[in-house]
Amino acid sequence: MKYKFLVSILTLSCSLGLAACHQNNQQQNSSKHQARSDQHVQKSAEINLEKSITLDPNKMIKHLQALQNIATQNKGNRAVGTSGDQASAQYIISQAKLFDYPVQIQPFKSNSHIVGQNILVKIPGQNEDSSIIIGAHYDSVKTGPGINDNASGVALLLELMNQLHLAKIKPKQTIYLAFWDAGEAGKAGSKAYVDQLSPQQLKTIRAYINVNMVGTKNPIMLLANSDVNQAALKKEEKVLDSKQDQKEIKDMDRLLTDEVSDLPPNPKDLALKNSLREFMKSQNSDLVDDMSSLTDSDAASFLGKVPVTSMSLFHQQSNGAVERAVCDHKACDRLDQVDPKSLTVAGGALLHLIQNTDQ
């Protein structure tokens, strides 16, 4: 499915003050400044992100409360194109402004008349020609506030932004925090973004990490299977067929699944998957291989184009069966359904992925 979109960029910049100096000391001061800058960059390159910062679940909970309040004030949801969706976007932008990070706004319109806006926050790295994109959709379904799905992913990205700023860490690779609109409507936002990237721009992306439903209680981590085979696709089709009460979403997701079936996996997908597996095993967390973490998320938009992995926490029943979170896509998908322990594990997993990709 192809999408048409319009792109406009809003850049938030900060003013730089230059201290006056005497002309006879200018060259000396410049040399000292360069030496300090080189020293800082060297130290930044040696930082172990996992050991340097911790993503605080309590701060994530505050973001979730704010987004739940937005849903409550806007007919109980934050669906694409609604006032709740627009208020959620403004909340995300306001958080980025606190840290003076550059922000890009990308309006888009799909050929199915879905109108929305993506928000990309740039965390400049030492290497401006190489990047990691970490994405989470910020809209909800019309039937609920979408606090776990996927305000939890949004909260995780906002807390990462906060901690990188507080620690004054400049990562080796430039990091883009991508807040996708219309994730619940055929992944239209992430698809619009990827469609406007040139082949050369795609080559600069070291990895795309998708973050979805990371507050689930009794969680089990779905690991993206990089081997997209026909047996796995048939399994995914059965999942799509079960969405009888969500025909529009089902049809759009099926189109993405059809596209995925024709794409070869990126050879580096497996390295990302193994890195995520390594961390989750260190936390004694349950794991399951399931391609739906790719095809049923915004990761599908990037699949086959750049290295991709996806962090999704599903619910594990007492009998061992795996399902989406209990209140997923329902009015009860509220803050009381989010487990802070799951947010903590997801935060650690994200830092581990960044650290292993940022080499």
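Worth pointing out:
- Gain upon complete extension [Gln359, Asp56; 0.36 nm per residue less C-alpha separation]: 106.6 nm
- With 0.36 nm allotted per residue and the present C-alpha distance subtracted, the Asn69-Ser198 stretch has 42.6 nm of extension available.
- For Gly186, distant residues with modelled amide H under 5 Å away: none
- Cα pair distances of segment 124-192 binned at 10 Å [whole percent]: 20, 42, 28, 10, 0
- Positive minus negative residues near Ser301 (Lys, Arg vs Asp, Glu; Cβ under 9 Å): +1
- Per residue, the convex hull spanned by the Cα atoms of segment 42-167 amounts to 115 cubic angstrom.
- Based on every Cα atom in segment 77-120, Rg and the maximum pairwise Cα distance Dmax equal 11.5, 36 Å.
- Net lengthening on full extension, Arg277/Asp100 (0.36 nm per residue, minus Cα-Cα): 60.3 nm
- Environment charge at Leu202 (Cβ cut-off 12 Å; Lys +1, Arg +1, Asp -1, Glu -1): +2
Where a number appears in this text, it was derived from the coordinates with a stated rule and is not lab data. What you see is a predicted model; the values in this text were computed from it and never measured. A quick note on method: Cβ atoms are made from the backbone with ideal geometry, for glycine too, and the neighbour counts reach across all protein chains shown.
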